[in-house]
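A short write-up of the structure that comes next.
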Amino acid sequence: MKIKHLLERENVLAGLLLLPVVTYIVLFIGFPFVMSFLYSISNVTIGNPEFKIVGMRNFVDLLEDNTFQQSLVNTFIFTSVSVGLVLILAQVLAELLMREFKGKWLVRFLIMLPWTAPIALGTIGFLWFMDSVFSPFDWLLRTMGLLGKPGALLGASSNLYWLGRPGLAMASVILVHVWRLLPLATVILLAGMNSIPKEIVEAAQVDGAGYFRRLFHINLPLLLPVTAVTVLFSVFFTFTDMTVVWVLTKGGPPPHATQVLASLAFLKSIQGGDLAQGAAVAIFFFPVLAGIAALVLRLAKKSVVT
Amino acid sequence: MASVEFKGLKKYFQDVHAVDGVDIEIKDGEFLVLLGPSGSGKTTLMRLCAGLEKPTEGEIIIDNNVVNDLPPRERGIAMVFQSYALYPHKTVFKNIAFPLIVERLDKREIRKKVEWASGLLGIGHLLDRLPSQISGGEKQRVAIARALVRKPKVLLMDEPLSNLDAKVRNSARVELKKFQKEIGVTTCYVTHDQAEAMGLGDRIAVMHEGRVRQIGIPEEIYHEPADMFVAGFVGVPPMNFIDHDGVVMGFRPEAFLPAELMNDEELMKFRITVERAENLGSYKLVYGAIGEARVIANLSPRYLIRDGEDYDFAVRARDVRYFDKKSGKRIKK
């Protein structure tokens, strides 16, 4: 049969068109996932290629490991605060972008800019912004009189040491991560808000609802499916992200003030050589995340009313 | 209930003069219809009244108060949108109750009023349903119930029947008129459907290009149009126009009959070449030409007319209207 006639058959054409993406998923997602799972129940290290199944021992060891416990707590704080801030700020930005005003194109460009920059490069920029000696943030605060003088609101020291103090380091990491995630969340919410029929919002105005009542009784409930997707993306990106943490603090300040599960997995498996433990950390929360995804998607589907 | 007045009202969207100097008074309890084609400014005028648009110039007066700077909720108005704009995530009960929840009434009071409004519209059995679970006609009733539940001073309706199928629309129109008379609320109703306007309005304001061309009772609008636009827009089929002695002569299709059917009143006779006759069941439309002018006659279906033949038709002199050829305005002759 000629190739041209073969391509006219729907199942053949469909298969061919899907082949590249399926190959990608199998090779770069499926295969590493299966390998991670196998490593996590084995004793494999970089130095010792012997592969022996040890059951759940790696996971049990992790639960007793203080570093893992600290990383777990940090990951939850990092994720919950980041996602919370992203949702609130994205809602504000989306509301702003719904309105017409002069210079809207510039505001839109500035909002989208973080998403266009490679994450590592953008984070390196923040490394300089938060430098312990030459931070422009600190310079600004000193110029405003909030830092560097006796009795100043933020202390007499000339620098805040953004990445050197445990609480402030976590806040810095969260700040950079929120900066990075905001454009995506804003665009998703903006698309959702544009899909709310204008007449429904006007009907609420005519019915007497003010801004906040319209927001909580009309806009947010109708945005629930879109918000659920935003939360899902944000949680997954945050939970599995190591770039911001690794570039800014490498999990410090010591002992593990900003260590998260993703960076701990890298530390243990690639830097420490313990592939099995690293894999166990990496996939520890897979069942939980899969459960969260299923729940959120079900909630999103149920809340679609139009 | 309250009166509504628009004084010198204008609304410009940059170069577009959506409303271009409108002066209308709607009396207390009156049902006024704003009739016009798309883009005539009738919906913009209604939105100005509702407070959803700010006027460029002029005043909006509701119940003797200038409301230009008041938000919608402080004007005492309620509105039924063309798409009904029901809240899709709320039940019918909560849709109707929403304006009362905003007013912070207690739950018992809210229930009482919702039951009153839903009873009035015959939708008491639908209160637990979502909008996606009810029909178009039921949605329309829910929208009206939501508008009436807080007893507004003025009810605004933006083509609420346009999304209904033709059969339901006719019965809905009758019910709406009856209902408005019972409640007695001052109503401003927007439509492009002239049959709807004629059937519903106590008075009709015909709008075109942002201005009111004529305002009057339906009979006046139909039989005594102020200009060629009103004459041509109101009436299906529209009025016939023929150039005659430097003016434009207009007469309704139902007044244009075969000469042999007219008695010896003062008649104007024409020789018409019939192009096509359409038998529409209860009436017949005859399309023809008088010289270069195209005309339509509306006859009984029993009268036999053959395509391509010439016939003598006539119209009573008292049924003829004259219009200025340049301005289109009606002239008394």
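The values are calculated or read from the model by the stated rules, or taken from the named source; none is laboratory data. Everything numeric here is computed off the predicted structure, so don't read it as measured data. For neighbour counting, all protein chains shown are included, and Cβ atoms are generated from backbone atoms with ideal geometry for every residue, glycine included. In case anyone asks, the SASA skips ligands and DNA or RNA and just uses the protein heavy atoms, side chains included. Shrake-Rupley method; radii C 1.70, N 1.55, O 1.52, S 1.80 Å.
Of note:
- Crossing angle, helix B:166-183 versus chain B [Cα axis fit, 0-90 degrees, rounded to tens]: 60
- Rounded Å value of the spacing that divides the Cα centres of region B:134-150 and region B:3-54: 24
- Sequence-separation-based contact order of chain B, relative, with Cα cut under 8 Å and 6+ spacing, percent: 17
- Annotated for region B:238-333: lysine pairs at least 8 residues apart or interchain, Cα distance under 21 Å, count 4.
- Between A:ALA293 and B:GLU25, the FRET efficiency from the beta-carbon distance, with R0 = 51 Å, is close to 0.25.
- Volume per residue for the protein assembly as shown equals 293 cubic angstrom (convex hull of Cα atoms).
- Pairwise burial B:A, computed as accessible area of each alone minus the pair, summed, 1.4 Å, Å²: 1900
- Per-residue extension of 0.36 nm, minus the Cα-Cα distance of B:GLU57 and B:GLU182, leaves a gain of 41.5 nm for this segment.
- Region A:19-84 - accessible surface per residue (Å², probe 1.4 Å): 62
- Modelled spin-label separation between B:LYS151 and B:ARG302, with each label point placed 7 Å from Cα along the Cα-to-Cβ direction: 5.5 nm.
- Ligands, DNA and RNA excluded, the heavy atoms of A:PHE33 present near 90 Å² of accessible surface to a 1.4 Å solvent probe.
- Positive minus negative residues near B:TYR12 (Lys, Arg vs Asp, Glu; Cβ under 15 Å): 0
- In degrees, nearest ten, helix B:136-148 long axis to first principal axis of chain B (Cα): 60
- In this structure, the residue pairs whose Cα-Cα separation is over 19 Å, taken from B:LYS112/B:LYS139; B:LYS113/B:LYS151; A:LYS104/B:LYS54; B:LYS27/B:LYS113, are B:LYS112/B:LYS139; A:LYS104/B:LYS54; B:LYS27/B:LYS113.
- Among the trypsin sites (Lys or Arg not before Pro) in region B:27-105, those placed in a DSSP loop whose Cβ has at most 11 other Cβ atoms within 10 Å are B:ARG104.
- The base-10 log of I(q)/I(0) for region B:32-142, evaluated at q = 0.10 Å⁻¹, reads -0.39 [Debye formula, identical scatterers on Cα atoms, solvent excluded].
- Percent RCO, i.e. relative contact order, over chain A, from Cα pairs under 8 Å lying at least 6 residues apart: 26
- Cβ charges +1 (Lys, Arg) and -1 (Asp, Glu), total dipole of region B:74-135, debye: 120
- Shape class for chain A, computed from the alpha carbon gyration tensor (a ≥ b ≥ c): oblate, with a/c not under 1.5 and a/b at or below b/c.
- Measuring nothing but protein heavy atoms, the accessible surface of chain A at 1.4 Å probe radius is 72 percent carbon and sulfur.
- With the cut-off at under 17 Å, measuring from each backbone N in region A:271-289 to a point 7 Å along the Cα-to-Cβ line of A:ARG57 picks out A:274-281.
- Point-to-point label distance, B:HIS223-A:LEU13, nm (Cα→Cβ direction, 7 Å offset): 6.7
- Against chain B, whose longest principal axis is taken from its Cα atoms, helix B:92-102 shows a tilt of about 70°.
- Remark: chain B carries 47 Å² of accessible area per residue (probe radius 1.4 Å; ligands, DNA and RNA excluded).
- Remark: relative contact order (region B:242-333) = 38 percent; criterion is Cα-Cα distance under 8 angstrom and separation of 6 or more residues.
- Residues of region A:199-246 whose accessible area, computed with a 1.4 Å probe over protein heavy atoms, drops by at least 50 Å² once all protein chains are present relative to their chain alone are A:GLU199, A:ILE200, A:GLU202, A:VAL206, A:ASP207, A:GLY208, A:ARG213, A:HIS217.
- For region A:135-180, projected area of the alpha-carbon convex hull averaged over all directions, nm²: 3.3
- Scalar couplings 3J(HN,Hα) for region A:86-93, obtained by applying the Karplus form with A = 6.51, B = -1.76, C = 1.60 to θ = phi - 60°, are 4, 4, 5, 5, 5, 4, 4, 5 Hz; x denotes Gly and Pro.
- Whole-percent carbon and sulfur share, accessible surface of chain B, 1.4 Å: 47
- Centre-to-centre separation between the Cα atoms of region B:197-267 and those of region B:268-282: 19 Å.
- Candidates B:TYR189, A:PHE31, A:ALA117 compared by Cα position along the dipole of the protein assembly as shown: farthest toward the positive end lies A:PHE31, with charges placed on Cβ.
- The calculated pair-distance distribution of region B:214-297 uses every alpha carbon pair, bins of 10 angstrom beginning at 0, and gives 15, 45, 35, 5 percent.
- Listed by chain and number, the lysines whose alpha-carbon sits under 22 Å from that of A:LYS250, ignoring those within fewer than 8 places in the same chain, are A:LYS268.
- List of region B:148-185 residues, accessible area with partners at least 10 Å² below that of the chain alone (1.4 Å probe): B:ARG150
- Peptide packing for B:161-168, A:263-270 was compared via the average number of neighbouring C-beta atoms within 10 Å per residue; ordered from the highest value, the list is A:263-270, B:161-168.
- Calculated FRET efficiency for the pair A:PHE37/A:PHE101, C-beta based, R₀ 51 Å, to 0.05: 0.50
- Förster-model FRET efficiency, 25 Å R0, B:GLU265 and B:ASP245, C-beta, rounded to 0.05: 0.75
- Length added when fully stretched, A:PHE216-A:ILE46, from 0.36 nm per residue minus Cα-Cα: 55.8 nm
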